[in-house]
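Here is the structure we will look at.
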Amino acid sequence: MLWQLILIQTQSMKSTAAFVIVILSSFSAPRCGAAIYNSDGSAANVQALANIATDGDTITLPSGTFAWTTGVTISKGITLQGVAGATQITRAAGYSNALITIAGMPADLPVRVTGIRFNSPVGQNGDLYSIYVMGPYGGALGLTQLRIDHCYFYGGMRTLFFRYRVNGVVDHNTFHDCAYITEHFGDDDYAWIRSGTPQFGTSDSIFFEDNSIVLDSTLTYFDVQSDQNTGGKLVWRYNTFDLTAYTGTFGSIIGEHGNQAYWLGSNDWLRGGIMCEFYNNTVRWGSAFRIIWFRGGRNIVANNAFYGNLNGALVAFDEEEGINVLPLRSSWPAEDQVNNTFIWNNTVNGSPQDPATIYCWQSGSQPYIQLGRDYWLVPPSLNTVTNYPQPGLPSLPGYPSPYSSPVTSWMPYTYPHPLTGSGPGPTPTPTATPSPTATPTPCLASVPNFVGARMRTAVTLWEQAGFSPANITITGGRGQRITWQSLPAGSLADCATATITVGP
């Protein structure tokens, strides 16, 4: 390796200068390819490696169970990879923040978390995030290449939390006794304005596909498994829900909020969710009084197979003003209310969906949400057209309403999601029994006796190799030497961030 070669020194000024010129000339195209860092599984070591890793690198976690008393933050386009079925991160007692935080990305870079089991206490114990993802707020940049796959999530509440502008795919995971799995908070008015007329079937969403959701008697209560707000968008497809061992009676697995405060002119974080698509899923349960509950947004529920004892609504609607979250207005439409929603071709215990199980949950919502105007029991077509006027008072005159354009067709987005590659395949695993990469320490190599013109020549070569002049410090008088702080053995971090110090 190059850092080893630099340790070879000759004695004379002349031969040393010539030798170094040869070595440095080889830097004309400095690295950088992807590297693999093998952590020891501790949060401290994973964070240290994340700090030196560069875009495209992978950090592996070995087999074993690791109790984390602190989390790890990822702000680069890297992969965090465990040995599926054998790498477990357990939340230590007293630690309540996210185990993995993905935030502060400088650009739209691919980020992946794969092959790890996350363990948190079971129950509604406050937000216990396994993975917290924060995308950009407003602006042109989004985090659109996120993948979370082949993981096992046990317990926690809002186990995966997505905030602001985040798109990507969550695939081939198991969610076991999560008090609820996910919530997406979009970036408020920016999400609505950016969407313009938000349409179904695009990549502009977070996709949950090919996952297994299991709830049993260990979880005694849950509100919902999926929710969205403030411009959030979620797609659930080709997932299996097995709630048959859950002994309670639950109220919904899929939810979506509407406006919970009047629009104030800009960036009102209480705006509703924009869109939810739920199709080609299989849902099994013991007893339920409601399966899906929409309180806002445009929605698709299609081609799902439901099995269980249903004592109420397959799909229920409500409007925040109709259920007294807000004071009642006198006329349709309400802000961010359920609109352009389509429910068709679902079965319940093998029989076609019953229209009588699709209705407004509370009577106060009925003026706002009506069959044939706001929701249909057929696919979108030229006959499913409603033109929504701007909501009346107390909304401000400039209330944005891009959600109101008619939907006349639906084409599901590409399946499997392109971020999964070729679709379901073997669970990815790192190299067997990897040797941990130590927390990096510099390797120092000295080449003595550079003076005058030779010094300037050497510095020029370093600059040509990609090191910025700001990283080169010249101190002292004649009889100088170059000391290079190199990369640790086996690492391939960004060459341009290495440091050259020239001293006496």
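The values are calculated or read from the model by the stated rules, or taken from the named source; none is laboratory data. Being a predicted model, the structure only gives us computed values, none of them experimental. Positions of Cβ are backbone-derived with ideal geometry, glycine not excepted, and every protein chain shown enters the neighbour counts.
Of the residues in region 344-352, at least one is buried (at least 22 other Cβ atoms within 10 Å of the Cβ) and on the phi < 0 side of the Ramachandran plot.
The residues of region 367-384 that are in contact with a Phe, Trp or Tyr (Cβ under 9 Å, 6 or more places away or on another chain) and in a loop (DSSP other than H, G, I, E, B), listed by number, are P367, Y368, I369, Q370, R373, D374, L377, V378, P379, P380, N383, T384. Any residue at all in region 122-141 that's surrounded by fewer than 21 Cβ atoms within 10 Å (Cβ to Cβ), among the charged types (D, E, K, R) and modelled with pLDDT under 95? Yes, because at least one residue in region 122-141 is surrounded by fewer than 21 Cβ atoms within 10 Å (Cβ to Cβ), among the charged types (D, E, K, R) and modelled with pLDDT under 95. Would you point out the residue of region 171-213, among those that are among the β-branched types (V, I, T) and touching a Cys at 6+ places or on another chain (Cβ under 9 Å), that is nearest to A245 (Cα to Cα)? This residue is I213.
Is it fair to say I148 is under 20 Å from V72 (Cα atoms) and among the aliphatic types (A, V, I, L, M)?
yes
Selection of region 117-131 for residues being outside any strand (DSSP E or B) and within 15 Å of the chain's Cα centre (by Cα) yields Y129, S130.
Residues are listed down the side, and each one gets a yes or a no for (1) at pLDDT 95 or above; (2) on the phi > 0 side of the Ramachandran plot; (3) crowded, with 16+ Cβ neighbours inside 10 Å:
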residue	(1), (2), (3)
A245	yes, no, no
G248	no, no, no
I254	yes, no, yes
Q260	no, no, yes
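Please verify whether region 305-313 includes one or more residues that are assigned by TED's automatic domain parsing to the domain that holds G186, within 17 Å of D374 (Cβ to Cβ) and over 29 Å from the mean Cα position of the chain (by Cα). Within region 305-313, one or more residues are assigned by TED's automatic domain parsing to the domain that holds G186, within 17 Å of D374 (Cβ to Cβ) and over 29 Å from the mean Cα position of the chain (by Cα). Taking residues in region 332-353 that are in a strand (DSSP E or B), and partners anywhere that are modelled with pLDDT of 95 or more and surrounded by fewer than 15 Cβ atoms within 10 Å (Cβ to Cβ), the pairs with Cβ atoms closer than 6 Å and at least 6 places apart or on different chains are W344/V378.
Checking every residue in region 345-353 against the condition of being at pLDDT 95 or above and touching a helix residue (DSSP H, G or I) at 6+ places or on another chain (Cβ under 9 Å) gives at least one match. Exactly one residue out of G364, G273, G322 is farther than 22 Å from L396 by Cα, outside any strand (DSSP E or B) and touching a Gly at 6+ places or on another chain (Cβ under 6 Å), and it is G364.
Looking at I323, is it buried (at least 17 other Cβ atoms within 10 Å of the Cβ) and under 30 Å from V214 (Cβ atoms)? Taking the combined requirement at face value, the residue does not satisfy it.
Checked against the criterion of being β-branched (V, I, T), at pLDDT 95 or above, surrounded by 13 or more Cβ atoms within 10 Å (Cβ to Cβ) and assigned by TED's automatic domain parsing to the domain that holds S409, the candidates V338, V378 yield just one match: V338. Looking across region 171-204 at every residue that is part of a loop (DSSP other than H, G, I, E, B) and on the phi > 0 side of the Ramachandran plot, the one that is farthest from the chain's Cα centre (by Cα) is identified as G196.
From the list T79, T58, T54, T101, exactly one residue is among the hydroxyl-bearing types (S, T, Y), buried (at least 17 other Cβ atoms within 10 Å of the Cβ) and in contact with a Gly (Cβ under 7 Å, 6 or more places away or on another chain). Which is it?
T101
Among the residues making up region 86-98, those that are in contact with a Gly (Cβ under 8 Å, 6 or more places away or on another chain) and small (G, A, S) are A86, S96, A98.
So that you can scan it fast, the table gives a plain yes or no per residue for (1) free of Cβ contacts under 8 Å to residues at least 60 places away in the same chain; (2) closer than 26 Å to G286 by Cα; (3) not assigned by TED's automatic domain parsing to the domain that holds V301:
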site: Y154; (1), (2), (3): yes, yes, no
site: R163; (1), (2), (3): yes, no, no
site: N173; (1), (2), (3): yes, yes, no
site: Y190; (1), (2), (3): no, no, no
site: G201; (1), (2), (3): no, no, no
site: Y238; (1), (2), (3): no, yes, no
site: F241; (1), (2), (3): yes, yes, no
site: Q260; (1), (2), (3): no, no, no
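The set of residues in region 276-304 being without any contact (Cβ under 8 Å) to a residue 60 or more places away in the chain, assigned to a strand (DSSP E or B) and either touching an Asp or Glu at 6+ places or on another chain (Cβ under 6 Å) or not assigned by TED's automatic domain parsing to the domain that holds S351 (or both) consists of C276, R284, F294.
I want to confirm something. Restricting to region 170-205 and keeping residues that are acidic (D, E) and at pLDDT below 95, which single residue is surrounded by the most Cβ atoms within 10 Å (Cβ to Cβ)? Out of the qualifying residues, it is D187. For the criterion of being surrounded by fewer than 23 Cβ atoms within 10 Å (Cβ to Cβ) and out of contact with any helix residue (DSSP H, G or I) (no Cβ under 9 Å at 6 or more places or on another chain), R147 fails.
S266 meets the conditions (1) in contact with a strand residue (DSSP E or B) (Cβ under 7 Å, 6 or more places away or on another chain); (2) surrounded by fewer than 24 Cβ atoms within 10 Å (Cβ to Cβ); (3) not hydrophobic (A, V, I, L, M, F, W, C) in every case but one. The failed one is (1).
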